[in-house]
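Here is the structure we will look at.
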Amino acid sequence: MNSEVKSFDGQLKSAGETQPLFYEAKRIWDRRPDEQPYALLSDCESKKQNRYGVKIDLLDLSNGAAPQNRSMYINENPAVGDNPNRNKQHGFHFTADNCIGCHACEAACSEKNGNPAHISFRSVGYVEGGTYPDYKRMNISMACNHCDDPVCLKGCPTRAYTKHAEYGAVLQDPDTCFGCGYCTWVCPYNAPQLDPIQGQVSKCNMCVDRLEVGMKPACVSACLGNALNFGVIENVPENREQILTQIPGFPDPSITQPNIRFQQIKSMPNEVTRTDSMPVKYHKGEDGQFKPVVDQKKGKATHWNFKRLSSRENPLVIFTLASQAAIGAFVALFLAPWLGLSSIAAFESSAAFIPMLITLFVLQSWGLFLSTMHLGKPMRFYRGFNNLRYSPVSREGLGIAAFMAGLGGFTFFKLVNLWLEWPLVDVLAQLAGGFAVIAAMGGLWYMHKSYRIKARPFWNHWQVITTFFGTCFSLGALVLAAFLVPVALLNDGDIAGLVRVLGAMAFIGLAAEGFGLYRHARYLNTNNGEGGASHYVQCTTFGKTYALRNGLLAAGALLALVLALAPVNAIAAVSGLALLGLMTLCALVIGRALFYVLVIPTTMPGAFFWKNKGFEEHARDIGLANMPQVGVVPHLH
């Protein structure tokens with residue numbers, strides 16, 4: 001489907017005007033001759049700008065580069081719709097007072113798009129509050145909001161997303177997607193759906209095929225309670241009086257500037273809760289807006305829950321730790337002569353130097369391989385570089401790949417230098433090593449930027465960078481110790497000096513990580529939103545595991561400081577480093593696993609069963625997930 005593409009600086013640009021190779025007479029959409037008026041788009045005057053200051057007429061954003069009647073080639077049909085508002089931003093209008101929670105919109109959407117039971121582009125969730133007899137429940141129907149600032153489009157490393165000048169639709173191409181799921185992380189509305197069976201993402205397409213023949217989306221036409229409507233954004237639908245940007249349970253609209261408006265006349269209690277298992281509720285502030293706060297659904301009892309530390313993100317746990325360990329060890333090894341670290345620099349003349357470089361390369365390759373196999377479509381991994389201009393994931397991947405290339409080049413030239421000993425070869429080795437260091441720093445920076453996501457407040461804190469760079473120091477020191485200490489013992493090297501340097505490295509890394517975690521915990525204690533809810537789960541569901549991780553970090557930092565400052569003999573040094581390695585590795589693995597399992601996104605409320613993580617876990621535990629109609633599937637990717 002070729003049309004106008006919205007670039008990230010707000011300009012509309014051509015996505016290509018290639019004509020189809022052949023034209024088969026297919027209809028865009030079969031419109032019935034007796035279609036009811038409520039299913040048809042209306043022609044009306046529209047405003048010039050929306051409330052965010054963005055022009056509603058999308059042709060104005062293209063600076064004249066976009067033809068007004070460009071075909072979308074739906075079903076390879078070059079026909080163009082005759083809607084006079086075709087190039088204006090459209091959006092949904094949801095009247096919460098009218099929604100009866102019948103899920104007809106979900107069914108119509110899934111039937112129209114042929115979705116399996118575990119995928120739904122539109123879903124209905126609930127919030128409720130009050131007590132009998134003044135109990136109230138509000139239903140919320142939500143799909144993609146085709147935002148003015150679509151974070152899915154910016155973050156996608158494969159450029160599978162396009163914002164079209166036609167209707168302002170944000171469309172996603174599953175055939176381009178390689179199933180990383182990053183768009184599902186950054187979207188606050190559960191819009192992109194990662195199918196673990198197919199290994200790729202798909203989402204609401206605004207029913208542009210229906211729009212082209214003057215009909216509203218399928219979900220709107222199927223709504224029994226007249227809760228859903230659709231049209232040019234900022235226009236008040238017939239028989240409506242409000243076009244609000246928020247209702248209880250809806251994430252902060254400033255994240256993406258979504259194109260959805262609401263009406264909610266009926267009042268709700270000052271505090272409403274979600275019916276799913278997420279420990280979040282919503283409290284009405286003085287400004288009348290409902291803000292998320294922590295809902296202590298499971299009390300304050302602490303647990304271990306070691307089994308629940310395992311998640312589908314386990315490959316990313318290994319990838320990030322392996323990458324940071326390899327980077328930390330290599331950077332220290334390469335810069336040691338420049339920093340005056342003679343105890344490390346002397347290792348270059350050892351026979352174990354090349355084997356260590358190869359080990360670092362293998363360690364990084366192993367982590368990168370696991371992260372690639374974590375993709376839904378691993379064989380499409382090369383598409384991860386498609387969005388280098390904007391996606392932090394693409395830039396992270398490029399940085400790590402460039403680091404591996406530099407490390408490989410450095411190892412190769414050092415190996416060649418063993419036989420030739422030409423000055424030029426050593427110069428090339430230094431250039432490759434310097435390139436690897438620069439690439440590694442860039443890769444680590446964008447690895448951290450990939451997790452600074454507004455829709456995931458637990459991650460959106462500077463603690464991520466202190467953790468990632470701190471791990472480079474601590475794990476890098478342990479990897480160096482595994483090679484350097486045995487060599488120093490065999491060659492009667494400077495054990496004391498080596499242990500001091502490695503102890504200092506480990507202390508810097510553990511202290512930086514511990515400081516970041518301490519400030520992160522203080523921040524979360526004052527944060528009543530989803531970040532605070534993550535911290536609540538951290539201190540209760542995983543409370544004992546969390547305390548163990550903190551204790552190991554503190555003990556490891558203290559031991560590292562002792563090794564760095566106190567004079568120790570060879571036996572004490574080796575024993576201390578072994579103990580430090582065990583404590584540090586356990587602490588970092590537990591901490592990195594918690595990093596992934598604790599995050600609570602700013603997603604829309606789920607129902608009692610559908611879009612409810614608690615029910616999904618229960619269904620998998622008791623075998624109910626084996627029934628396809630339940631809509632719960634194993635994490636296959």
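Each value in this text was obtained by applying a stated rule to the coordinates, not by laboratory testing. Model, not experiment: these values are computed from the prediction. FYI the Cβ positions are ideal-geometry reconstructions off the backbone, even for glycines, and counts take in every protein chain you see.
Values computed for the structure shown
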{"item": "Cβ-Cβ FRET estimate between Cys44 and Leu388, R0 fixed at 45 Å, reported to 0.05", "result": "0.60"}
{"item": "Relative contact order for the stretch 420-536, counting Cα pairs under 8 Å that sit 6 or more residues apart, in percent", "result": "29"}
{"item": "Taking His618, His461, His535, His164 and counting other C-beta atoms within 10 Å, the order from fewest to most", "result": "His618, His461, His535, His164"}
{"item": "Efficiency of FRET between Trp422 and Asp494 - r from beta-carbon atoms, R0 30 angstrom, step 0.05", "result": "0.50"}
{"item": "Inter-label distance for Lys544 and Asp252, nm, one decimal - labels placed 7 Å from Cα along Cα-to-Cβ", "result": "3.6"}
{"item": "Distant-in-sequence amide H partners of Gln49 (H built 1.01 Å from N, under 5 Å)", "result": "Ile56"}
{"item": "Rounded, prolate or oblate (a/c below 1.5 giving rounded, otherwise prolate when a/b exceeds b/c) for the stretch 307-597 by Cα gyration tensor", "result": "oblate"}
{"item": "Within the chain, longest stretch clear of exposed GluC sites (Glu not before Pro) (DSSP loop, no more than 16 other Cβ within 10 Å)", "result": "422-637"}
{"item": "Residue-wise HN-Hα coupling along the stretch 499-504, computed from phi with Karplus coefficients 6.51, -1.76, 1.60 (Hz; x: Gly, Pro)", "result": "5, 4, 5, 5, x, 5"}
{"item": "Pairwise label distance in nanometres, Asp175 with Met379, each label 7 Å out on the Cα-Cβ vector", "result": "1.6"}
{"item": "Charge sum, other residues only, whose C-beta stays under 13 Å from Tyr446's C-beta, Lys/Arg counted +1 and Asp/Glu -1", "result": "+3"}
{"item": "Local net charge near Thr176, Cβ-Cβ under 9 Å (Lys/Arg +1, Asp/Glu -1)", "result": "+1"}
{"item": "Loop-resident sites, the stretch 212-279, for trypsin sites (Lys or Arg not before Pro), counting at most 14 other Cβ within 10 Å (DSSP)", "result": "Lys266"}
{"item": "Options (i) 15, 28, 16, 14, 15, 10, 1; (ii) 17, 45, 28, 9, 0; (iii) 15, 33, 25, 18, 7, 2, 0 - which one matches P(r) over Cα pairs in 20 Å bins from 0, in percent as calculated here", "result": "(ii)"}
{"item": "Likely footprinting exposure, Met142, Met268, fewest C-beta neighbours within 10 Å first", "result": "Met268, Met142"}
{"item": "³J(HN,Hα) computed for each position of the stretch 163-172 - Karplus, 6.51 cos²θ - 1.76 cosθ + 1.60, integer Hz, glycine/proline x", "result": "9, 8, 5, 7, 6, x, 6, 9, 10, 10"}
{"item": "Proximal aspartates and glutamates to Lys613, defined as alpha-carbon separation beneath 13 angstrom and excluding residues fewer than eight positions away on the same chain", "result": "Asp276, Asp621"}
{"item": "Cβ-based exposure ranking for Cys187, Cys223, Cys177, in which fewest neighbours within 10 Å come first", "result": "Cys223, Cys187, Cys177"}
{"item": "Alpha-carbon centroids, the stretch 251-299 and the stretch 151-167: separation in whole Å", "result": "28"}
{"item": "Out-of-range pairs (alpha-carbon distance over 30 Å; input Lys47/Lys281; Lys48/Lys112; Lys281/Lys377; Lys291/Lys377; Lys112/Lys266; Lys163/Lys454)", "result": "Lys47/Lys281; Lys48/Lys112; Lys281/Lys377; Lys291/Lys377; Lys112/Lys266"}
{"item": "5 angstrom amide H check on His90, placed H, neighbours 5+ away", "result": "Gly168, Ile233"}
{"item": "Computed over the stretch 307-597: relative contact order in percent, which uses C-alpha pairs under 8 Å that are six or more apart", "result": "22"}
